[in-house]
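A quick write-up on the structure given underneath.
The values are calculated or read from the model by the stated rules, or taken from the named source; none is laboratory data. If you're wondering where the values come from, they're calculated on a predicted model, not measured in any experiment. Cβ coordinates were reconstructed from backbone atoms using ideal geometry, including for glycine residues, and neighbour counts include every protein chain displayed. Each accessible area value is taken on the protein alone, full model and side chains, heavy atoms only, with ligands, DNA and RNA left out. Shrake-Rupley method; radii C 1.70, N 1.55, O 1.52, S 1.80 Å.
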Amino acid sequence: MEAFLHANNNLDVLPSKIREYVEEKIKLCQPSNFHVCNGSDEENQQLLSAMELSGVIRRLRKYKNCYIATTDPRDVARVESRTVICTKNMNDIISTPKSGFAPITDPNLPKNLKTTQLGNWMDTDEMLEILEKRFAGCMRGRTLYIIPYMMGPYSSPYSKIAVELTDSPYVVVSMRIMTRVGSNVFNEIKTSDGSDVVKCLHSIGVPLPTDKRVNPTWPCNPEQTLVTHFPERNEVISFGSGYGGNSLCGKKCLALRIGSSLAKREGWLAEHMLIMGVTNPEGVKKYFVAAFPSACGKTNLAMLRPVGLPGYKVECVGDDIAWMHFDDEGRLRAINPEFGFFGVAPGTSKSTNPIALDMVHENTIFTNVAETSDGDVYWEGIGEVIDGLHETSIRSWKNKRWSIDLGEPAAHPNSRFCTTIKQCSILDPEWNNPQGVPIEAIIFGGRRPEGVPLVYEAFDWQHGVFVGACMRSEATAAAEFKGKQIMHDPFAMRPFFGYNFGSYLAHWLSFGAKTGVHLPKIYHVNWFLRDSKTNEFLWSGFGENIRVIDWIFRRLTQQASGCKTPIGIIPDQNVSNGILGNKLNPALLDISKEFWINECKAIRNYLEENVNKDLPDEICSELNNLEKRLSTL
Ligand code: GTP
Ligand code: SPV
Ligand code: MN
């Protein structure tokens, strides 16, 4: 990648503390050039052209300003095993597991790293020492880009200002899509010197010239990858990976890990949640948030087309992250800190998510999708019938001629599109409101092939927090796990907690004891039940999910009846042929005593082992109560 043609080397636009920080990092990383980004179209086009010229991205002939990047096959997803939160005190971040810490066996990981099921911790000073070595000279032969950016709307008291330093032009163009970029964001800082600005440093970790064997169009350093966070210093430092959540530091690193830690301190919530506006056929509008683990349906629900129940309207505020605060009237309000979508490509089709498909045909960067010979994109589940001719003209994400007989997917299962939020045709009119939108329901969910019903309502706030704590879901390709094992993923935040999960639970519970707040109702949904014989999904999902949203909506307006079960309230199927319609397979609301007793055991083991002494009593008593209720079933 050649040096940026019209580099802006003027650091005067930076607040004093940030300028000092940048100068220090330039000295450390020794780039051959540096450039302060302004986020303009011109700058973006220059970067895209330079990347195209050097083969980092390919232009898609069929669409306007769309590109494909394909990565090193070792750098395709978030790496949870190398993601670390660093502080002085370990217990601020993780609990000591009941059976102790597992020894570190990977020779490339620091031996004093403490790894747990709920996140990894290391001492700040020790980690900084290691990082200092990795970053010394790591940008030699490359340009360092300085990206001033903001998470959240302009003029919002809830937005946060940040800067990311990176040697990856792919990160620069992606951050411009995903966040609000430009030095004008510094007008929004709340301090005079910039001490509230979150500092992010990222390098792909391959200085030039290199004697290592690297992928020329996607250099990266998987052995040395570390994605580190310093909540006490308002800092993120990420080394070695160029992919998604590892490198676009505004997303998981800032908005969730640093964000949740700030939220705890400042009394709000930073969550892995979509935000949707729902208008019912009578014209009444409500906003919901929903937390599903990675690749479990947030983008799809946020853009739901209500085919199941015409008359409903769904509008999108955000598809991945919600920052929520109780306002002066005690209403929970949510902003979307992001400015774009980094959405899963496979499975996106005209029938599943036409809204997403329509918005990615302009100004979009695709990563690890396949390409057809006529300059179109292709992925599994795109909905096109592949005839023999078409098939032989597909180039896979590995840049090879692809055919179905190869027995491997054409697009990587975690391949993604990166598109500005402004191209979403069902963008909510309030999406950019600095005060956020009022939230009336919180929906949790996951991929559960058996046992967990289509929908249930929590009895109250405390029970709802317990439901969030008990979330489990099949592993997906969004992180490095192989296979489909059912993993615990409380609040869909397991990879994203910025502080001790026990304190996180206490923080959520504390809102239940607050006076003068209107607590949203809490629900759990599961679109992914399968028939045990055929393995087919029992629920058609996508646009049909509006039926479940409708039940939730009508519960909030006291128009829908429910049926009390040990795990929560489910739709009452005896009333008017069932409010979910006669399409409903009764197996979707089945609650098996045996399944739930086993579920309780797994949850008890998990919480006792991993949250151990930090587990709030309220959660223990919720678990005891659930077991008691089950015993009477
Ligand atoms: P992240 O961006 O990783 O946080 O993922 P996400 O939660 O936004 O997931 P997304 O909506 O992108 O969906 C992931 C995969 O699940 C895609 O392949 C979808 O097609 C599929 N999916 C989403 N909703 C449904 C549904 O209702 N039913 C079924 N069967 N599949 C779904
Ligand atoms: C997720 O994994 O939840 C994502 C994708 O949204 S990434 O940005 O890579 O974290
Ligand atoms: Mn996500």
Selection count, the stretch 292-332, where residues are farther than 18 Å from Gly541 by Cα, part of a loop (DSSP other than H, G, I, E, B) and within 14 Å of ligand 3 (Cβ to nearest atom): 2
Every residue in the stretch 88-108 that is open to solvent by less than 80 Å² (accessible area, probe 1.4 Å) and not polar (S, T, N, Q), please. Met90, Asp92, Ile93, Ile94, Pro97, Gly100, Phe101, Ala102, Ile104, Asp106
Looking at the stretch 211-255, which of its residues are assigned to a helix (DSSP H, G or I), closer than 22 Å to Met178 by Cα and away from ligand 3 (no atom under 16 Å from the Cβ)? none
Among the candidates Lys564, Lys601, residue that is surrounded by fewer than 20 Cβ atoms within 10 Å (Cβ to Cβ), closer than 21 Å to Ile442 by Cβ and among the charged types (D, E, K, R): Lys564
What number of residues in the stretch 288-329 are away from ligand 2 (no atom under 14 Å from the Cβ), open to solvent by less than 20 Å² (accessible area, probe 1.4 Å) and touching a Gly at 6+ places or on another chain (Cβ under 6 Å)? 1
Right, Leu208: of a type outside the set (Lys, Arg), outside any loop (DSSP other than H, G, I, E, B) and either touching a residue at least 40 places away in the same chain (Cβ under 8 Å) or farther than 27 Å from Thr70 by Cα (or both) or not? no
Can you confirm whether Ala478 is within 13 Å of ligand 3 (Cβ to nearest atom), modelled with pLDDT under 95, closer than 20 Å to Leu254 by Cβ and not basic (Lys, Arg)? yes
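When residues of the stretch 476-514 are filtered for being outside any helix (DSSP H, G or I) and either surrounded by 19 or more Cβ atoms within 10 Å (Cβ to Cβ) or of a type outside the set (S, T, N, Q) (or both), how many remain?
Our first condition is that a residue be outside any helix (DSSP H, G or I); within the stretch 476-514, this holds for 476-489, 493-500, 513-514.
Those left that are additionally either surrounded by 19 or more Cβ atoms within 10 Å (Cβ to Cβ) or of a type outside the set (S, T, N, Q) (or both): 477-484, 486-489, 493-500, 513-514.
The number of residues fulfilling the criteria is 22.
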Hey, could you check the stretch 241-287 for residues that are open to solvent by 10 Å² or more (accessible area, probe 1.4 Å) and of a type in the set (Val, Ile, Thr) and say which is nearest to ligand 1 (Cβ to nearest atom)? Thr279
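If we scan the stretch 464-475, do we find a residue that is part of a loop (DSSP other than H, G, I, E, B) and within 15 Å of ligand 1 (Cβ to nearest atom)?
So in the stretch 464-475, the residues part of a loop (DSSP other than H, G, I, E, B) come out as 470-471, 475.
If we keep only those that are within 15 Å of ligand 1 (Cβ to nearest atom) as well, we get 471, 475.
Scanning the stretch 464-475 turns up at least one residue that is part of a loop (DSSP other than H, G, I, E, B) and within 15 Å of ligand 1 (Cβ to nearest atom).
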Those residues that are in a helix (DSSP H, G or I), crowded, with 16+ Cβ neighbours inside 10 Å and modelled with pLDDT under 95, I need them from the stretch 387-424; list them, please. Glu391
Inside the stretch 149-167, the number of residues satisfying the requirement of being more than 21 Å from the chain's Cα centre (by Cα) and of a type in the set (Gly, Ala, Ser) is 2
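Rundown of residues vs (1) of a type in the set (D, E, K, R); (2) modelled with pLDDT of 95 or more; (3) under 27 Å from the mean Cα position of the chain (by Cα), yes/no style:
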| residue | (1), (2), (3) |
| --- | --- |
| Gly502 | no, yes, yes |
| Phe511 | no, yes, yes |
| Asn526 | no, yes, yes |
| Phe542 | no, yes, yes |
| Pro566 | no, yes, no |
| Asn585 | no, no, no |
What pairs come up if the first residue lies in the stretch 31-45 and is closer than 18 Å to Arg19 by Cβ and open to solvent by less than 40 Å² (accessible area, probe 1.4 Å), the second is part of a strand (DSSP E or B) and of a type in the set (A, V, I, L, M), and their beta carbons are under 8 Å apart, counting only those six or more places apart or on different chains? Pro31/Leu144; Asn33/Leu144; His35/Leu144; His35/Ile146; Val36/Ile146; Cys37/Ile146; Cys37/Ile147; Cys37/Val181
Number of the condition not met by Ser351 [criteria: (1) part of a loop (DSSP other than H, G, I, E, B); (2) touching a Phe, Trp or Tyr at 6+ places or on another chain (Cβ under 8 Å); (3) within 16 Å of ligand 3 (Cβ to nearest atom)]: (3)
